[in-house]
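Have a look at the structure below before the remarks.
FYI, it's all coordinate maths here, none of it is from the lab. These figures come from a predicted structure and were not determined experimentally. Don't worry about glycine lacking a Cβ; one is built from the backbone with ideal geometry, like all the others, and counts go over all protein chains shown.
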Amino acid sequence: MRAIGIILAGGGSSRMGELSRERAVCAMPIAGSYRSIDFTLSNMSNSHIQKVAVFTQYNARSLNEHLNSSKWWDLGRKQGGLYVFTPAITAKNSSWYRGTADAIYQNLHFLKNSHEPYVVISSGDCVYKMDFSKVLQYHIDKKADITVVCKDMGLGSNIERFGTVSMNEEYRIKEFEEKPLHARTSTISCGIYIARRRQLIEMIEQSAKEERFDFVRDILIRHKDTKRIYGYKIDSYWRNIASIEDYYSTNMDFLKSDVRDYFFRQYPDIYSKVEDLPPAKYNAGAKVRNSLVSSGCIVNGIVDNSILFKKSYIGNNCTVRNSIILNDVFIDDNTVIENCIVESRGTIKANSTFVGDGNIRIVVERNERYVI
Amino acid sequence: MLLAGGQGSRLGILTRKMAKPAVSFGGKYRIIDFPLSNCINSGVDTVGVLTQYRPLRLNTHIGIGIPWDLDRNIGGVTVLPPYEKSEDTEWYTGTANAIYQNMEYMESFNPDYILILSGDHIYKMDYEAMLSFHKANNADITIAVMPVPLEEASRFGIMIADEDKRITEFEEKPEHPRSNLASMGIYIFNFKTLKKALFDMKSQPALDFGKHVIPYCRDHGSPLYAYEFNGYWKDVGTLNSYWEANMELIDIVPEFNLYEEYWKIYTKSDIQPPQYFADTSAVDASIIGEGSDIYGEVYHSVIGCGVTIGKGAVVRDSIIMNGTRIGDSSRVEKSIIAENCHIGKDCEIGFGEDIANDTAPHIYNHGLVTIGEKSVIPIGTRIGRNSVVSGITIKTDYSNSTLPEGSTLIKESEDI
C-alpha cells in the first residue's frame, strides 16, 4: 500500500487504575490470547502497509517485550518493517513527548525519509478490524487533506472521554470537540487518521514552531475550516479499552459468538506473538461454562462466564465467575473470585474470596507461589 | 541429521498422505516437533531433515524453521530430499544410505560430530549431555539406549555393555536377550569415523545403521559406548501406542510433562485465539488446543486446534485433530479422528464389540476407530469398533447407515 503506518502507543490511563500502573494501555491483554496493539498492527499488516512505527513513552516494558520481534505480524521485511520510537535526548531536544503531535515531530525523520505518499495514524488501544486501503481510497476520492475514521456510538452511550465530530451531508467535518462534557452528537472520532505525508510534515512543523503539541486540538480542530477534513463512518465493531469498564466489557464481548466469529474466524486474521505454550488442560473437577480459555492454562475448578488468559492455573474447588484472569495467574484451592480482574502474574492464596460488589474489582495479589 | 522419510505404515490411514513425523500429536504438535525442539534446546542449531515419503506436510510445517528458532544465518534447518544425480540416481534406500547421499551437506559445515536422530519418537532429551558423555569416553560412536523390561527386549536392538558402558556386543531382536538396554536409534558419530564407514560400505544395498554401519565400525575397532537414558521415551509406531501416548498426557502430572518451563516443545501454530466453552459444555480430564469451540461434552480426550464439538455431542477417550467438526448430538468413543474431518449430526462412532478388522487386523485393533483426514461422515451414521473410514462418504456407502465392527471403508477421492 502507498502508505506508512504510525501507531500512537504512548499512553497510560488514569481510568485504567492499577492495571496500567505497570504497562501501557496498548499492551493490555485482550480476548485471552492477544494484546491491544495486535489489532492495529494486524490491520496494518493485512492492509499491506509495510512500514510501521510505534511511538511509546509510558511504561513501555511489557509493550517492548511484546514487540520483541516483528515477525509475528509479518513485518519482518527488508523493505520497511517495524520501528519502535521512544523519546530520546538529542542535541536539539531534551523533553518527553509532550503530546501526540510532538511525538510525531520528534520522529519527523521517519516521515521525511519515507517515500510513500500517505500516512495512516492509529491509536494502539482499540479493538477493531479495518482495511486501510479502503479508507485510503475514500481519502483520495474525497480529495481530503485529512480523513478521520468515525463511529456513531448511539444515543445514551458514555462518550465523554472521546472527541466528537459533526459532519455535513458530504461527510466533511464541521465541528470537532475534544472530550465535551455535554456532547451534541453521538458520533466520535476513533483515533484513526489518514493524511498526505508532505501535508502532515508541514502541519506538524508549523504547530511545533508555535509550541503546540496535540494532534487533535492543535491540528485537527485548528485546521477544520482551512483544510478539507473528512469523516469516514464505520459501523463495524470498534471499541476503545482505555477505561476499566470498557476494558472489561470489550473482553466480555468476545464471549458472544458473532464477535468471536468476526475476529477469529473471518478473514483476515489477527496475529499476536507466539508463546509456544502447551494446550489447555482440564483435570477431574473442572467445569467450564460460557468462557474463553487460552493455551497453557490448567483448570481444576469451576469457571463460569469468564476469560482465562494464558498460563493461568485454577486450583481444586475454585470458582471463577464473571471475571477476567490475566496472564500467568496462580489461583490456589478453594478460592472464590467474582466480578474481578486479576492482574497478571498474581498469586492468590488458598481459601481466599474476592468479590467485586457492583463494580469490577481489580485484584493485585503478589504472594509467594509454591510449586505444585 | 534427522531421519524423517519413513511412512510409518502401521499408523494406517493416518500416514496415507503424510510421513509419520508429520502426524499430529498431543493436541497441537506434530511428532517431529519433539526431536526438533530437543535439538534447539540442546544447542544443536544446524539440522538436516531427510525427507522422502510424502513430504509436503513436513515441508510446509518446517518452512525455514522459525518456530524452533532454526532460521539462522549459519546452519539452521535444511530439508534434504533425495535428488537426481548424473548416474546411479536412487531413493534413500536405508537409514545410512540417506545420510551417505547427503555427505556434501555435512561436509559443508566441517563438523566434528554428527548426531543421527529419527523423527518418530516422543521424548525430551539433552543431546548435549550425550555429547559430553561421548567426548569424555573418547568414543567413536555413542548409542543412546534405554532399559526396557527383559520380556520386551526381544522387540529391540539390544546392546551389551561392560561396567564402563563400552559396548562389547549387540544383537538385533534377540530371542534370548542378554541385556535390557535397547537402542533408541539415536547415534553420535565422530564425523571421520562416519565418513570412512559410509564410503567403505556405500555399495551395500539398503545401507542401514543398525544392520551394517555399526557392525562394520565394531569390526574395525572403533570404541562404541552406550549412553543410558532413563526419561520418558515413546515409540508411537502403532495406532494403539499412538493413542496410549496421547492419553498419557492427560494424567494429573503426566510422566511426559508439556508444562515444564525450561524444555519447551515448539511447533508451528496457525491458530491463536483462545478456546470457547458454551453453557452447554462439559469437560473433564482432557487437553484442548487453541481456537476450539466446545458446545458438547469432552471426557478423557485430546482435542487439537480449531475443533468444533457440537451441542449435545459426547467425545470420550478419543483423539480429535486440528480443524475437525463433530456434529450435534454425535457420540464418539475411543476413536482417532484425523485433521479437517466433518462428522455429521447424530453419528455414533465406536460402538459394539471388539471384532477384528477385515482387511488389516494388525493395524486396526484394540477397539479403536480410525478416520482419515478430510473425511466426511453423513448424518446419523454408526461406525463400529476396529473400523477404518477415509474419504468423503455419503449415505449410500453404508447399509442402513451402519458400518459394522471391523470394517474398512476407504474411498478414493479424485486427487491422489
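Listed values, structure above:
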| quantity | calculated |
| --- | --- |
| Cα-based convex hull, the range B:1-124, per residue volume (Å³, whole number) | 116 Å³ |
| Cα centroid of the range A:196-213 to Cα centroid of the range B:89-147, whole Å | 63 Å |
| Cleavage-rule hits (chymotrypsin sites (Phe, Trp or Tyr not before Pro)) in the range A:282-372: DSSP loop, at most 13 neighbouring Cβ within 10 angstrom | A:Y370 |
| Angle in degrees between helix B:127-136 and the longest Cα principal axis of chain B, rounded to the nearest 10 | 20 degrees |
| Calculated P(r) tail over 45 Å for the protein assembly as shown, as whole % of Cα pairs | 36 percent |
| Simple Cβ-charge dipole of the range A:1-132, Lys/Arg +1 and Asp/Glu -1, about Cα centre, in debye nearest 20 | 260 debye |
| Whether the range A:177-320 is rounded, prolate or oblate, judged on the alpha carbon gyration tensor where a/c under 1.5 counts as rounded | prolate |
| Cα centre as origin, Lys/Arg/Asp/Glu Cβ charges: the range B:89-144 dipole, Debye | 180 debye |
| Long-range HN-HN contacts of B:V376 with modeled amide H, under 5 Å | B:H342, B:G391, B:I392, B:T393 |
| Where GluC sites (Glu not before Pro) in DSSP loops with at most 14 other Cβ within 10 Å are excluded, longest remaining stretch of chain A | A:1-159 |
| Per DSSP, loop trypsin sites (Lys or Arg not before Pro) in the range B:191-287 with at most 15 further Cβ within 10 Å | B:K202 |
| Equivalent ellipsoid, the range A:281-370 (semi-axes from 5 times Cα gyration tensor eigenvalues, Å) | 16, 15, 12 |
| Chain B: mean projected area of Cα convex hull, nm² | 21.7 nm² |
| More than 20 Å apart - percent of Cα-Cα pairs taken over the range B:256-370 | 43 percent |
| Computed Rg/Rh of the range B:283-332, alpha carbon atoms with Kirkwood Rh | 0.90 |
| In the range B:79-126, GluC sites (Glu not before Pro) in a DSSP loop with at most 10 other beta-carbon atoms within 10 Å | B:E84, B:E87 |
| Estimated D of the range A:1-131 in µm² per second, where Rh is the Kirkwood radius over Cα pairs and Stokes-Einstein applies at 25 °C, 0.890 mPa s | 163 µm²/s |
| Whole-angstrom gap from the range A:6-24 to the range A:270-292, using each part's C-alpha centre | 26 Å |
| Given charges at Cβ of Lys, Arg, Asp, Glu: the protein assembly as shown dipole, positive-most of B:L11, B:Y113, A:C126 | A:C126 |
| Global form of the range A:3-264, assessed from the alpha-carbon gyration tensor, a/c cut-off 1.5 | rounded |
| Per-residue [θ]222 nm for chain B (sum of -39500 (n - 2.57) over DSSP H runs n ≥ 4, rounded to 500) | -4000 deg cm²/dmol |
| Longest segment of chain A lacking trypsin sites (Lys or Arg not before Pro) that sit in a DSSP loop with at most 12 other Cβ atoms within 10 Å | A:257-372 |
| Within chain A, helix-based [θ] at 222 nm, where runs of 4 or more DSSP H residues each add -39,500 (n - 2.57), nearest 500 | -5000 deg cm²/dmol |
| Cα-based equivalent ellipsoid, the range B:121-237: semi-axes from gyration tensor eigenvalues, Å | 21, 17, 14 |
| For A:284-294, mean number of other protein chain Cβ atoms within 10 Å | 6 |
| Straight-distance crosslink candidates among lysines, where the alpha carbon sits under 23 Å from A:K233 and sequence neighbours closer than 8 are dropped | A:K129, A:K134, A:K142, A:K143, A:K151, A:K174, A:K179, A:K224 |
| Violating pairs (Cα-Cα greater than 28 angstrom) within the set B:K20/B:K173; B:K334/B:K374; A:K209/A:K273; B:K196/B:K268 | A:K209/A:K273; B:K196/B:K268 |
| Computed magnitude of the charge dipole of the protein assembly as shown (debye, nearest 20; Cβ of K, R +1, Cβ of D, E -1) | 2800 debye |
| Hz values of 3J(HN,Hα) by residue in the range A:133-145 - Karplus curve (6.51, -1.76, 1.60), Gly and Pro given as x | 5, 5, 5, 5, 4, 4, 4, 5, 4, 7, 6, 7, 8 |
